[in-house]
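The values are calculated or read from the model by the stated rules, or taken from the named source; none is laboratory data. Everything quoted here is computed from the prediction, not taken from an experiment. Here the Cβ positions follow ideal geometry from the backbone for every residue, glycine too, while neighbour counts run over all protein chains shown. Only protein heavy atoms, including side chains, enter the accessible area calculation; ligands, DNA and RNA are left aside. Shrake-Rupley method; radii C 1.70, N 1.55, O 1.52, S 1.80 Å.
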Amino acid sequence: MGYLFLFVSICSGAIKGFLGKKVSNKTNGIKSAVLTNFIRMLFCIPVGLLFVLIDGGITSLLVNKKILLIAALAGASTSIFIVSWLIAVQKSAFTAVDTFVSMGLLVPILLSLAFYHEHISCSQIIGLLLLFVAVILMTLYNNQIKTKLGLFSLLLLLVVGLSNGITDFSQKIFKYNNTDGTPASVFNFYIYVFSAVILLSVFLCLREKKPDVTALSNDEKTKDWDRRKVLYIFIMAIFLFCNTYFKTLAANRLPAVQVYPLAQGAALVLTLLMSAIFFKEKIKPLCIVGLIVLFTGLLLINVIVF
């Protein structure tokens, strides 16, 4: 069942990523990115509540302080991740962004080893090293088809990977501290509640120079907010919740060293296909080599274990 939950999570994440790329094209600046994701979190809350009602009923929302603190940590890292991702995908190749997301898997794996003594074999260590070689190759690939990564873009990609890794590790913290049997749906519901609060607070504190409206075309005036963008955000909210909910279920059944590399590797392949088909990003030999290295790493992590 763990791999089935992971499969659903991966498919949901791919759909979310596709729509996220569409939304990023209609988002200008940090404040707009924060507002966009705040709206997405507002959509996630009722979706999450529906899962809660199906999973354990309204009374299951009564949880202990420890679960709320873990959800708050996940909510903060989720907020950082979704805002930085939305900005990064404008500046870098879609596949390069997802490669740095994959890089963040080192966080839950190493922290699960340090705090919860989840075993890592020699082949899995080699596999992780190969994944990072794939990250380097895909970064070079990004430089071939996009503007060369500057310091800001590189730091932004590192923030994307690190914040995603912390969010993933919070699922392991939840697993090992869930002594009351709190449903995964409740945990994820509170993640989006905290994330919405954090994003709203940040939005109210941000100040951004307003553009000269008289210099904008009609299309530009409506670029930030139109019906299609709101629809994209709503659908993204559904698949975002499904992505984290089913990944949490998978993390409860599989070790971190299997869950996160497989999830990120499969997501990267789907991202590559979407980039080529829908966003017309050129597939170069360096990209193919990167994928071969990635698959070899995944085999060593999940299949050829020694």
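A few notes on this one:
- Test set (1) farther than 26 Å from SER77 by Cα; (2) aromatic (Phe, Trp, Tyr); (3) modelled with pLDDT under 75; (4) part of a helix (DSSP H, G or I) - TYR260 fails condition number: (1)
- The residues of region 34-51 that are touching a residue at least 40 places away in the same chain (Cβ under 8 Å), aliphatic (A, V, I, L, M) and surrounded by fewer than 23 Cβ atoms within 10 Å (Cβ to Cβ), listed by number, are LEU35, ILE39, LEU42, ILE45, VAL47, LEU49.
- Tabulated pairs, region 78-95, first modelled with pLDDT under 80 and surrounded by fewer than 22 Cβ atoms within 10 Å (Cβ to Cβ), second among the hydrophobic types (A, V, I, L, M, F, W, C) and in a loop (DSSP other than H, G, I, E, B), C-beta under 9 angstrom, 6+ apart or interchain: LYS91/LEU149
- Answer residue from region 224-242, given it is out of contact with any Lys or Arg (no Cβ under 6 Å at 6 or more places or on another chain) and modelled with pLDDT of 80 or more and is least open to solvent (accessible area, probe 1.4 Å) among those: PHE241
- Qualifying residue in region 212-220 (condition: open to solvent by 10 Å² or more (accessible area, probe 1.4 Å), in a loop (DSSP other than H, G, I, E, B) and modelled with pLDDT of 75 or more): no
- Single residue of GLY75, GLY20 found to be part of a helix (DSSP H, G or I), open to solvent by less than 20 Å² (accessible area, probe 1.4 Å) and under 28 Å from TYR141 (Cα atoms): GLY20
- Residue in region 265-274 that is in contact with a Leu (Cβ under 9 Å, 6 or more places away or on another chain) and within 12 Å of GLN171 (Cβ to Cβ) present: no
- Residue count for region 23-36, restricted to those that are outside any helix (DSSP H, G or I) and either among the polar types (S, T, N, Q) or in contact with a Gly (Cβ under 6 Å, 6 or more places away or on another chain) (or both): 3.
- Count of region 96-117 residues which are surrounded by 18 or more Cβ atoms within 10 Å (Cβ to Cβ) and outside any helix (DSSP H, G or I): 2
- Residue check, VAL269 at pLDDT 90 or above, in a helix (DSSP H, G or I) and within 19 Å of the chain's Cα centre (by Cα): no
- Residue in region 153-206 that is surrounded by the fewest Cβ atoms within 10 Å (Cβ to Cβ), counting only those that are without any contact (Cβ under 8 Å) to a residue 40 or more places away in the chain and of a type in the set (S, T, N, Q): THR179
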